[in-house]
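Undergrad: Just dropping this structure here.
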Amino acid sequence: MGCPNQLSLAVLFAASRSDSRTAVRDLLPLDDALTPLPYNHSLTLRLSNTIGQETEMRRSFTTCVTAILLGALFCASHQSASAADDYEYDLVHSSVSFKARHLDISWIHGRFNDVSGMFSIDRDDPSRSTFALTIQADSVDTANEARDKHLRQPDYFDTKQYPTIEFKSTSVKPIDGGFEVTGDFTMHGTTKEITLTLMGGKEHVFKDVKRVAFSTEYAVKRSDYGFDKNAIGPIGDKALIMIDCEGVRK
Amino acid sequence: MPDPLLYWQAIAASAVCAAAVVATLATMTLTTTRLNSACVLGIGVGLLAGFYVLSLQLQWPPASSLDRLLLIIVPLALAIELIGGFGRTSRSVAWLMRVTLAVFVSPTLLYGSVYFGDHWSISQQIAVVSIGAVLLAIAGGLLCGLAQRRGGVVISIAICLSIQCAAVAIMMGGYIKGGAAALPFVAALLTTTIVAKWISHRWLQGENFAEIAIVGVGVVALFGFLFVGRFFGELSTPHAMILMHAPLLCWIIETPMMRSCRPSITVAACLLLVAIPLAIVVVLAKQEFDREMAPLLDSSTVGSPADTMVISQLDVSLNVISCR
C-alpha cells in the first residue's frame, strides 16, 4: 500500500542530516574560505544569506517529515479500521422462506419478498463481525392472495401493527464452516435472544464485486411470539425459517 | 379457527354474569342513579366473564389495537358512564368527558401502527383522527339524546344488533379474534338492558329508565370494533359506515307517524328499519367470504358434517337471494 515505504523514507531523511556549517564552507570558493569570517563583509553577507536559506530549508524539511509521519500514522490507522468487510444484502440472489405444518400431514411454504440487511465480516477478529436483517412482514407470499391477505391480519402477522421482522446480532463466534451468531430476533412485537448457525462465508469476486454467502435454518414457535393461540390449529405452531443470503461488498 | 360452541358459551357466561350483577346491586338500593351504576358494573363483569370463557389473550401493556380497545377505551367508557350517572355530576361535565373520550379513541387505537409511521402524512393522520372523533361524538350524542327523550329498550337493542353484525362482518373478513371479542358486548349490553328495564318497570313505579349508560358504552364499543376492523382487518369503509350509523335510524320513532302508533309497533318498525342495512352488510360480507376465504377451507377444518350441511344450505340461500 506504500505506507511502510513512506515511513522508511522519513527515517532516511532524518538520518541523513549533516552539520550545516561544514556543508556551507565546503560550498564556498577557496579564497573566501581562507579569510576570517568576521572581516569578510561579502562573505559575511553571503554566509548570512546562506544560513538564512539553510534555516528555511530546515524548517521545510521539518514540515515535510511531520507531514510524512502523520501520513504514515493515518495509513496505519486506516488499515486497522478497514479490516472488516461490509456487505449489503443482495435481494436478487437471496431468499427468506418458511414452512409450517398443515393439519400435521403436509407443509405450507411461503416466502418474504422484501428483505434488507447488512453484515460486516472481520476475518482477523470474527467476534467483531455483525449481522442484521429486516424483513417486511407485508411481503409474505404463499402463492395464494387470499391466504396472504389473511396472514397479514391481526390473527397472524398483524402487519399494520408490526410491519417488520428483525434480527440483530449481539455476538459472533467462528465455527467450522461458518459462524455461530447470537442476537435479538423480533417478530410480532416480541423480542427473544436466539442463536443461528450460519454456514458458508465463501467469497467470490465477480466483475470486480466481492460476494459472500451464508445459509441458515431456524425453528420458531408462533406461540412464543404472541401469535393468537386460538389461531393455531390447522396451521401448526412450529414454523421453519430458511435464510439463504448473499451479500455484496459495499 | 371459529368455534361456534365456544362463542355461545361466552355469550351465555356474559349474559348470566351481567344479569346477576345488575339484579343484585339494583335491588340493594333502588334508585335510578343506583340502577345506572348497577348497569355499568353489570356490563363490566359480564364482559370479563365473556373474555375469560373466550380465553382472549390480552397483553399489558397493550400491544395490539384490540388490546388498547378492550384494556383502555372500554374501561374508560365504563368509568365515564359510572361517574356521569352520579347525581352530583352535572350533565355538562358528563358530556365533556364523553367528548374527550371520543377525541382520544382513534389515536389510541392507531398508536404504534404503520398509520402513524410511514403510511400516512401528518395531514392524513389529523384528518382521520378528526373524522373519527366527529363521527363518534355525533353518533353518541344523537343516540344518547334519543335515549334521554324516549327511554325504552329499542336503542340499546339496535346498538346490540349493530355490534353483532359488526362481529360477523369482521370475522368473515378474516379477523376472527376481533369479531369474537365483540360477542360478549352483545350479551352484556342486551341482558343489562332487559334486566334494568324490568327492574325499573316493576320496582320504580314506571320511572323512566334512562339507558344512557348502556347506550354510551355500546356506541363506543361499536365504533371501536368497526375502527379496528377497518384499519387492521379487512372491513371495508362503506360497510363500517353503514354498521356505525344504522342505529341512528331509531330516530324514526320521533316522527309524528310513529308517535301516534302503539309502542310495540313503534319498536318493531324501528328494529326492522335498523335490521335492513345490517342484513345487507352481512350478506355482502358473506359473499366476499365465499369468494376469497372459503377456497382455503377444506372439509376437515369446517367442523362437523352437520355444520358443513348448514353452511352449504346457507350458501345456496344466499346465492338465490343475490340472484334475485
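Undergrad: Report whether or not B:Leu249 is at pLDDT 95 or above, within 23 Å of the chain's Cα centre (by Cα) and over 24 Å from B:Met171 (Cα atoms).
TA: On the way: at pLDDT 95 or above: yes; within 23 Å of the chain's Cα centre (by Cα): yes; over 24 Å from B:Met171 (Cα atoms): yes.
It is true that B:Leu249 is at pLDDT 95 or above, within 23 Å of the chain's Cα centre (by Cα) and over 24 Å from B:Met171 (Cα atoms).
Undergrad: Only residues in the range B:223-245 that are more than 12 Å from B:Ala166 (Cβ to Cβ) and touching a residue at least 60 places away in the same chain (Cβ under 8 Å) count as the first member; pair them with residues that are outside any helix (DSSP H, G or I) and among the aromatic types (Phe, Trp, Tyr), Cβ under 9 angstrom, at least 6 apart or cross-chain, and list the lot.
TA: Correct list of pairs: B:Phe232/B:Tyr175; B:Glu234/B:Tyr175.
Undergrad: Continuing with the same structure: Looking only at residues that are buried (at least 18 other Cβ atoms within 10 Å of the Cβ) and hydrophobic (A, V, I, L, M, F, W, C) in the range B:26-40, which one is nearest to the other protein chains (Cβ to nearest Cβ)?
TA: So the residue we want is B:Val40.
Undergrad: While we're here: Under the condition of being surrounded by fewer than 15 Cβ atoms within 10 Å (Cβ to Cβ) and at the interface with chain A (Cβ under 10 Å from one of its Cβ atoms), which residue from the range B:47-67 is nearest to the chain's Cα centre (by Cα)?
TA: Out of the qualifying residues, it is B:Ser55.
Conditions tested, residue by residue: (1) in contact (Cβ under 8 Å) with a residue 40 or more places away in the chain; (2) more than 14 Å from chain A (Cβ to nearest Cβ).
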{"site": "B:Leu96", "(1), (2)": "no, yes"}
{"site": "B:Thr100", "(1), (2)": "no, yes"}
{"site": "B:Val105", "(1), (2)": "yes, yes"}
{"site": "B:Leu109", "(1), (2)": "yes, no"}
{"site": "B:Trp120", "(1), (2)": "no, no"}
{"site": "B:Ala127", "(1), (2)": "no, yes"}
{"site": "B:Ser130", "(1), (2)": "no, yes"}
{"site": "B:Ala137", "(1), (2)": "no, yes"}
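Undergrad: Could I ask something else about it? Among what's in the range A:131-168 and is assigned to a loop (DSSP other than H, G, I, E, B) and β-branched (Val, Ile, Thr), pick the residue that is nearest to the other protein chains (Cβ to nearest Cβ).
TA: A:Thr159
Undergrad: Name the one entry in A:Gly201, A:Gly226 that is touching a residue at least 60 places away in the same chain (Cβ under 8 Å) and on the phi > 0 side of the Ramachandran plot.
TA: Only one candidate passes the filter, namely A:Gly201.
Undergrad: Taking the conditions exactly as written (without any contact (Cβ under 8 Å) to a residue 24 or more places away in the chain, part of a strand (DSSP E or B) and in contact with a helix residue (DSSP H, G or I) (Cβ under 9 Å, 6 or more places away or on another chain)), does A:Thr186 satisfy them or not?
TA: Criteria met by A:Thr186.
Undergrad: Let me ask you something else. Check A:Asp208, A:Asp228 and return the single one that is acidic (Asp, Glu) and in contact with an Asp or Glu (Cβ under 9 Å, 6 or more places away or on another chain).
TA: Only one candidate passes the filter, namely A:Asp228.
Undergrad: So, B:Phe232, is that one surrounded by 17 or more Cβ atoms within 10 Å (Cβ to Cβ), at pLDDT 95 or above and of a type in the set (Phe, Trp, Tyr) or not?
TA: On the way: surrounded by 17 or more Cβ atoms within 10 Å (Cβ to Cβ): yes; at pLDDT 95 or above: yes; of a type in the set (Phe, Trp, Tyr): yes.
Yes, satisfied.
Undergrad: Another one. For the structure I just gave you, tell me whether B:Gly151 is touching a residue at least 60 places away in the same chain (Cβ under 8 Å) and either within 14 Å of chain A (Cβ to nearest Cβ) or within 25 Å of B:Val186 (Cβ to Cβ) (or both).
TA: Values: touching a residue at least 60 places away in the same chain (Cβ under 8 Å): yes; either within 14 Å of chain A (Cβ to nearest Cβ) or within 25 Å of B:Val186 (Cβ to Cβ) (or both): yes.
It is true that B:Gly151 is touching a residue at least 60 places away in the same chain (Cβ under 8 Å) and either within 14 Å of chain A (Cβ to nearest Cβ) or within 25 Å of B:Val186 (Cβ to Cβ) (or both).
Undergrad: Within the range A:206-250, can you find the residues that are away from chain B (no Cβ under 14 Å) and among the small types (Gly, Ala, Ser)?
TA: Residues satisfying the conditions are A:Ala213, A:Ser215, A:Ala219, A:Ala239, A:Gly247.
Undergrad: Please specify each residue of the range A:225-250 satisfying the condition of being farther than 20 Å from A:Trp107 by Cβ and outside any strand (DSSP E or B).
TA: Within the range A:225-250, A:Gly226, A:Asp228, A:Lys229, A:Asn230, A:Lys250 meet the criteria.
The values are calculated or read from the model by the stated rules, or taken from the named source; none is laboratory data. All figures in this text were calculated on a predicted structure; none of them were measured in a lab. Note: ideal-geometry Cβ built from the backbone for every residue, glycine included; neighbour counts use all protein chains shown.
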